[in-house]
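So the structure is just underneath, and the comments pick up after that.
The numbers here are math on the coordinates, done by the rules we state, and not lab data. Quantities reported herein were computed from a predicted structural model and do not represent experimental measurements. Ideal geometry is used to build each Cβ from the backbone, glycine not excepted, and the neighbour counts take in all protein chains shown.
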């Protein structure tokens, strides 16, 4: 592969260097195309961590569309000028494309983001990836370097746009950072005191010191979004309502499994299924996966790119999954009452059986 390419992929998101990265990418595409005669194209893509299933996601989708529109407008504007800021004299066409990717997958790790980017590049025969130095995959800045390392494992040319970072200088910390620090300190301090079990002077002091250290080290990298006190309170109340419901489901499942164990014929029908749940995000997916596991008769075995792999013991367990009661309950906790009103997994075709080892051997 040549040392440069005019077929470029740029993952985008709001950042202080977003504008300059767009300018660098389109000018690089035009420069290489003018030197090599290669067809020039720049694809601006926005990897997302959600699935479009209700009004809340629709508003987020509109924000993503606005970001991609910015990239297209800026790119078109920059193509009229050369690197010195003068009107371009050479008429070298550069195709500009925008796309949203990753809606059909659960994106958590840098490897997940790298996979969807590389798949997109392979499908469209793009040879080069330019990364915004302030790009925050999944909203988490510390993921950028691991993402670049994952991308570098491919045969594509991967580079960080050589644009100047904007250094924000302020005597006072931003409201977002203060909110993150307060939330982290309160959570760490409370957890320490709960573990200690004694609220004497020693534990109060050591707890405050420990929470302060944790806050200083982790507050800026723990939260994807700025903590919202009102949203936290609302979610906590919803979760408190969810706990008794989950305990009731666990009790019913325990009785069902106990009946099976005591039955002389042991009427079980084990099966593996793939479940594409209408949720996203680390905490919500983890909550659903653990809730399924805590309910006897079902076990979350693995989480694939776009689904949960679930082992179910009986047909009644599978019927429960297809009705989607747990899924709706988890959506209620994280997204509100309106988000719980959605078609069941069975109606959406979100659950499918996976072949077992015996099935594979029979096919062979």
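Structural remarks
- Gyration tensor verdict on the stretch 175-222 (Cα atoms; rounded if a/c is under 1.5, prolate if a/b is larger than b/c, oblate otherwise): prolate
- Inter-site label distance for residue 301 and residue 254 at 7 Å from Cα along Cβ, in nm: 2.6
- Anisotropy class of the stretch 229-363 from Cα gyration tensor, a/c 1.5 cut: oblate
- One Cα centroid belongs to the stretch 103-117, the other to the stretch 203-217; the line between them spans 34 Å.
- Sequence-separation-based contact order of the stretch 229-363, relative, with Cα cut under 8 Å and 6+ spacing, percent: 29
- In terms of packing, defined here as the mean over residues of other Cβ atoms within 10 angstrom, the peptides 112-121, 30-39 line up highest first as 112-121, 30-39.
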